[in-house]
1. All but one of (1) in contact (Cβ under 8 Å) with a residue 40 or more places away in the chain; (2) open to solvent by less than 40 Å² (accessible area, probe 1.4 Å); (3) more than 28 Å from residue 226 (Cβ to Cβ); (4) not in a loop (DSSP other than H, G, I, E, B) hold for residue 119, so report the exception by its number.
2. Please go through (1) open to solvent by 20 Å² or more (accessible area, probe 1.4 Å); (2) modelled with pLDDT under 95; (3) closer than 21 Å to residue 142 by Cβ for residue 72 and return the number of the only condition it doesn't satisfy.
3. Given the conditions (1) touching a Pro at 6+ places or on another chain (Cβ under 6 Å); (2) of a type in the set (A, V, I, L, M, F, W, C); (3) more than 21 Å from residue 94 (Cα to Cα), which single one is not true for residue 187?
4. Within region 181-240, work out how many residues are part of a loop (DSSP other than H, G, I, E, B) and of a type in the set (D, E, K, R).
5. State which residue is least open to solvent (accessible area, probe 1.4 Å) when the search covers only region 84-111 and only residues that are in contact with a Cys (Cβ under 9 Å, 6 or more places away or on another chain) and of a type in the set (S, T, N, Q).
6. Return only the number of the condition from (1) surrounded by fewer than 17 Cβ atoms within 10 Å (Cβ to Cβ); (2) over 26 Å from residue 87 (Cα atoms) that residue 154 does not satisfy.
7. Working only within region 164-180, note down all residues that are of a type outside the set (S, T, N, Q), surrounded by 16 or more Cβ atoms within 10 Å (Cβ to Cβ) and within 10 Å of residue 132 (Cα to Cα).
Amino acid sequence: MSYSDYFDFDIIKSSKDCNARAGVLKTPHGSIETPIFMPVGTNSAVKMLTNEQVINTGAQIILANSYHMYLRAGCELVKRAGGLHGWMNFNKPILTDSGGFQVFSLSKLRKITEEGVYFQDPKNGSKHFISPEISMKIQEDLGADIIMAFDECAPYPCDYTQARQALDKTKRWLEICFETHKNYNQALFPIVQGAFFDDLRKESAEFVSKFDAPGYAIGGVSVGEPADIKNHITEITAPILPFNKPRYLMGVGTPVDIINGIKYGIDMFDCVLPTRNARHGTFFTYNGNKIIKNKQYEDDFTPLDEKCNCYTCRNHTKAYIRHLYKTQEATAATLLSIHNIHFLLNLVKELRKSIIEDNFIEYSNKLLEKLV
């Protein structure tokens, strides 16, 4: 028994002009066409949406947060419900992150040791401890198709010594994760760290590549750094990772970042941005981000984006959605979330098509001219 009994990644086409590629990732709960964007369901639900609405956006896989599920509702309860798939009644692939980023972002409420992390629940003050072994147990109970190694995410900015210490700990913890996790129907992805130092990033990428994993992730970006630094880290790191395995850029989800990530060889993306932006009244268009509360949309009877075919754009106008938003109707956030998620999923679908048709650079450059 091995990962190959449950997972496979087939690269259909590679770009002739850059590192972009189109593939198919096979998982126990279905195949995923890559590049792909994964909507985030932090508490086992994509905010403001039902599962049917999520699926109707074109979503092929979603992400849930093991840290939040561990604290509430609890992994044992979810396990008894049949794992996340049974708990949510969601029969498509699911990915869980390790909880490392959330724990380390607690700042004053956590203490990092060699064995793991001690932390307090910011909501009720209860004390907890997560180690690489416990992270694997949590994610095994949750039962996602793809799970992430427990790592330490260094902040931005940080000095070289801090980045080195975090990377060394991440490497030791990764070995423990692979020693602990033996369920081959769950793909364990190691995570590249190293903060914003080229040598550490390359070292980390080379280290994780030694593990025969079903896929690999790049973490520690989108933590406050400028876009050019994020692009640089992605560009130098992705090509080091095994060519024949999916590459996942964690926490990245703007249209521009997705286009650049695909150019550098990234296959998978996730971010809370589409739904978070929606709740604050911002929506994606092929001419950049727009804000629905602006007065210019008060009597605008056109869809959010003329090129979009999502439920929202097929059925409602900017004027109507603006009215809902201004009167604090929750439906506004739902309609904007549907649009934003569909927009990103359609974007990666069109970019995938351009890779297959050998015109990715030309197509993506035209998109970037209007998006930037």
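1. With respect to (1) in contact (Cβ under 8 Å) with a residue 40 or more places away in the chain; (2) open to solvent by less than 40 Å² (accessible area, probe 1.4 Å); (3) more than 28 Å from residue 226 (Cβ to Cβ); (4) not in a loop (DSSP other than H, G, I, E, B), residue 119 is out only on (1).
2. (2)
3. Going through (1) touching a Pro at 6+ places or on another chain (Cβ under 6 Å); (2) of a type in the set (A, V, I, L, M, F, W, C); (3) more than 21 Å from residue 94 (Cα to Cα) one by one, residue 187 breaks only (3).
4. At the first step, the residues of region 181-240 found to be part of a loop (DSSP other than H, G, I, E, B) are 181-186, 190, 193-197, 209-215, 219-226.
Right, trim to of a type in the set (D, E, K, R) and you get 182, 210, 212, 225.
Number satisfying all stated conditions: 4.
5. Residue satisfying both the conditions and the ranking: 98.
6. Residue 154 satisfies all of (1) surrounded by fewer than 17 Cβ atoms within 10 Å (Cβ to Cβ); (2) over 26 Å from residue 87 (Cα atoms) except (1).
7. 173, 174, 176, 177, 178
Table: residues versus (1) among the hydroxyl-bearing types (Ser, Thr, Tyr); (2) farther than 21 Å from residue 270 by Cα; (3) in contact with a strand residue (DSSP E or B) (Cβ under 8 Å, 6 or more places away or on another chain).
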| site | (1), (2), (3) |
| --- | --- |
| 17 | no, yes, no |
| 27 | yes, no, yes |
| 37 | no, no, yes |
| 42 | yes, no, yes |
| 54 | no, no, yes |
| 68 | no, no, no |
| 79 | no, yes, no |
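The values are calculated or read from the model by the stated rules, or taken from the named source; none is laboratory data. Owing to the predicted nature of the structure, the values given are computational and were not obtained by experimental measurement. With ideal geometry, Cβ positions are generated from the backbone for all residues, glycine too; neighbour counts draw on all protein chains shown. Quick note on the areas: whole protein, heavy atoms, side chains included, nothing else; ligands and nucleic acids left out. Shrake-Rupley method; radii C 1.70, N 1.55, O 1.52, S 1.80 Å.
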